[in-house]
Amino acid sequence: MANETSATGPGRSSVEEIIRKRLADERARLEQELEVALPPVQHFERPVERGFTRAEREHTTVLFGGLTWKHEQLITGALSGLGYKVEPLAVPDVKAFQLGKEYGNNGQCNPTYFTVGNLVQHLQKLEEQGLDRQSIIDDYVFITAGACGPCRFGMYEAEYRLALRNSGFDGFRVMLFQQSGGLSQSEAGAGLELNVDFFLAILNAMNMGDLVNDVGYQTRPFEVEEGATDAAMTEAMDTLEEIFRTKRTFQLEGKMGGFVKRLPKVGGTAEFVGKFADQTFGSDYIDAFRDLGARLDEVDLDRTRVKPIVKITGEFWAQTTEGDGNFNMFRFLEREGAQVIVEPIGTWIMYMIHQAKQMNLDRAGVTEDEAMPSAWRIDKRMAVEWAARKKNAKLSVAEAIFKREWNRLREALGGVPHELTDQYELQRIGHPMYNSRAGGGEGHLEVAKNIYYSNKGLCHMVLSLKPFGCMPSTQSDGVQSAVVNQYKDMIYLPVETSGEGEINAHSRVQMALGEAKVKAKQEIERIQELTGISLEEARAYADEHPELKRPLYKVPHYKGVIGTAANFLMHIAELEGRAVAPVERQPAMAGAAG
Ligand code: SF4
């Protein structure tokens with residue numbers, strides 16, 4: 001056995017014993033030699049926290065936040081539908097940042113200050129509204145995703161606790177679900193049941209939030225009537241939230257259902273399979289999403305407006321939030337005349353699955369208890385390999401299901417939202433510049449996306465939003481200078497986000513955007529010449545064919561053509577049967593809309 005001394009030498013535990021003893025002896029020798037006595041080591045231990053029990057659910061409000069209002073509204077509906085009292089936090093603002101700095105540790109990354117301070121700010125507001133502190137501590141819990149790092153994300157939980165203690169809310173409960181913990185992290189009798197229903201509800205809400213968000217950013221810059229997109233979205237999202245609230249999850253019901261449920265071993269699996277079948281073949285969400293699309297489709301568009309497309313990348317939170325946390329960058333870009341491509345949370349989910357698969361293969365035979373068998377034990381080596389492949393087969397199924405669900409929803413919006421970017425392609429592109437095994441933050445994604453979107457003609461400029469104090473972003477910053485050196489035509493701007501310095505950041509973006517505008521202008525001139533269609537003629541054509549003004553009308557993406565107006569002209573040329581060389585439609589490509 002590995003842990004015992006064998007004929008070939010000491011086992012693992014004996015070796016560790018020897019190391020420990022040698023360390024202690026050496027420490028004692030040094031202490032004596034230097035005449036110092038080192039104080040006993042005090043390791044940090046996670047405080048024991050009061051639980052959130054099933055019995056408390058009726059009178060306890062679950063707080064959460066950190067995404068866009070669209071994601072949060074749908075998650076609110078989804079969790080309410082599962083029987084929870086839910087309240088999303090407001091989008092973090094500068095005041096939240098200041099509270100995070102005041103009550104938390106110094107030297108954290110920027111999203112920590114914003115998100116931690118935002119929770120404190122929310123609790124303080126509850127107090128201002130008349131709730132006493134003890135009631136807040138007793139009747140509210142905060143839920144958030146957790147991870148073991150390797151960047152500061154692993155310390156968020158401790159930061160929340162510290163800031164809560166320092167701000168006088170000691171004992172306030174922070175509940176974590178592990179972002180890589182799978183679909184069932186539930187404990188019996190827990191107030192928050194982290195089970196299949198919970199995660200499917202959250203995934204559906206996040207996917208729909210992503211897709212609506214995407215359509216919104218494709219629509220708003222071209223809306224004929226200012227504010228029409230936001231009005232349509234607000235109305236449609238209210239309806240969708242209601243669908244989530246009233247959606248019943250699949251349960252084995254009735255006498256037969258109860259009987260099957262109680263069958264040892266089989267019962268749980270049958271219900272699990274039923275839930276997945278309901279998810280993958282059911283049409284409740286798809287139908288609701290089609291209705292939402294119909295409402296968005298009422299907005300009138302003028303696609304002949306020439307706008308540079310700016311792809312947003314960067315750190316997960318900084319590239320997602322729609323507030324002070326990234327200097328309100330998306331609205332600023334739109335005001336400055338740009339079209340923005342935001343990053344869906346779906347990319348992150350696919351990235352995590354992809355990395356887990358990669359890790360399984362890399363770690364085959366090197367896990368803690370299992371050394372790789374000798375080269376001549378082909379049978380044992382094959383067994384190790386098989387075990388890794390089996391684990392990966394499950395992840396591949398998860399990957400396929402997630403992608404299928406995403407595409408079903410995407411199709412319900414006429415295929416207009418961007419496709420999920422292929423993780424294998426991102427790895428292939430990014431790995432030569434940034435080792436794809438290096439975890440933390442966005443890992444190799446930031447570098448890979450920059451090359452992908454610029455090289456495939458999907459944007460005129462890439463804007464990377466990197467939080468102040470972000471460790472992985474600092475690393476990729478170094479790599480990006482090599483990337484920009486290699487791809488000379490790329491317009492790439494990294495902006496460090498913080499609680500201050502908005503004017504400076506906006507002015508840097510304005511400068512880079514100036515270059516992107518020139519690129520877009522040159523492109524439209526080339527396309528007008530190529531197609532023989534002017535922008536005025538295209539506008540007149542759209543007036544005669546009003547379906548071309550609909551947000552869910554899918555304008556194809558043509559090879560080498562980036563801008564919306566430029567692709568629109570190419571499309572009209574194709575509809576009119578004009579001989580334009582080359583009128584080549586880009587085959588369906590991830591990251592491309594249409
Ligand atoms: S990726 Fe960067 S900003 Fe995000 S949690 Fe990690 S260190 Fe902080």
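Overall, the accessible surface of the chain at a probe of 1.4 angstrom is composed of carbon and sulfur to the extent of 54 percent.
For the set D489, D138, D210, solvent exposure ranked by accessible area (probe 1.4 Å, protein chains only) runs largest to smallest as D489, D138, D210. Put the Cα centre of the stretch 107-159 next to the Cα centre of the stretch 508-586 and the gap is 47 Å. Taking a ≥ b ≥ c as the square roots of the eigenvalues of the Cα gyration tensor of the stretch 64-138, is the shape rounded (a/c under 1.5), prolate (a/b larger than b/c) or oblate? Since a/c reaches 1.5 but b/c is at least a/b, the shape of the stretch 64-138 is classed as oblate. Amide H contacts of T497 (H built 1.01 Å from N, in plane; Pro and chain starts excluded): K466, F468 sit under 5 Å, all sequence-distant by 5 or more or on other chains.
Could you give the length gained by full extension between T234 and M352, i.e. 0.36 nm per residue of separation minus their alpha carbon distance, to one decimal place?
39.4 nm
Along the stretch 305-311 the Karplus relation, 6.51 cos²θ - 1.76 cosθ + 1.60 evaluated at θ = phi - 60°, assigns HN-Hα couplings of 6, 8, 9, x, 9, 10, 8 Hz to successive residues, with x for each Gly and Pro.
In the chain, helices alone account for a calculated mean residue ellipticity at 222 nm of -17500 deg cm²/dmol, with every DSSP H run of four or more residues adding -39,500 (n - 2.57).
Using θ = phi - 60° in the Karplus curve 6.51 cos²θ - 1.76 cosθ + 1.60, the 3J(HN,Hα) couplings for the stretch 476-489 round to 5, 4, x, 5, 4, 5, 5, 4, 4, 5, 7, 10, 5, 7 Hz; x is entered for Gly and Pro. In this structure the chain gives 48 Å² per residue of accessible area when probed at 1.4 Å with all protein chains present. Computed from backbone phi, the HN-Hα couplings of the stretch 106-117 come to 7, x, 8, 7, 4, x, 4, 4, 5, 6, 5, x Hz, rounded to whole numbers (Karplus: 6.51 cos²θ - 1.76 cosθ + 1.60, θ = phi - 60°; Gly and Pro given as x).
Around the amide H of G314, modelled in the peptide plane, lie the amide H atoms of L465, all under 5 Å away and 5 or more residues distant in sequence or on another chain.
A simple spin-label model places the labels of K394 and E574 4.3 nm from each other, with each point 7 Å out along Cα-to-Cβ. Between R428 and R381, the modelled label-to-label distance comes to 2.8 nm, taking each label 7 Å out from Cα in the direction of the beta carbon. Under 5 Å between amide hydrogens, built in the peptide plane, is the criterion, and for Y140 it picks out T61 among residues at least 5 positions away or on other chains.
The values are calculated or read from the model by the stated rules, or taken from the named source; none is laboratory data. In this text the structure is predicted, and so the values were computed from the model without any measurement. When we count neighbours, we look across all protein chains shown, and the Cβ atoms used for this are built from the backbone with ideal geometry, even at glycine. Only protein heavy atoms, including side chains, enter the accessible area calculation; ligands, DNA and RNA are left aside. Shrake-Rupley method; radii C 1.70, N 1.55, O 1.52, S 1.80 Å.
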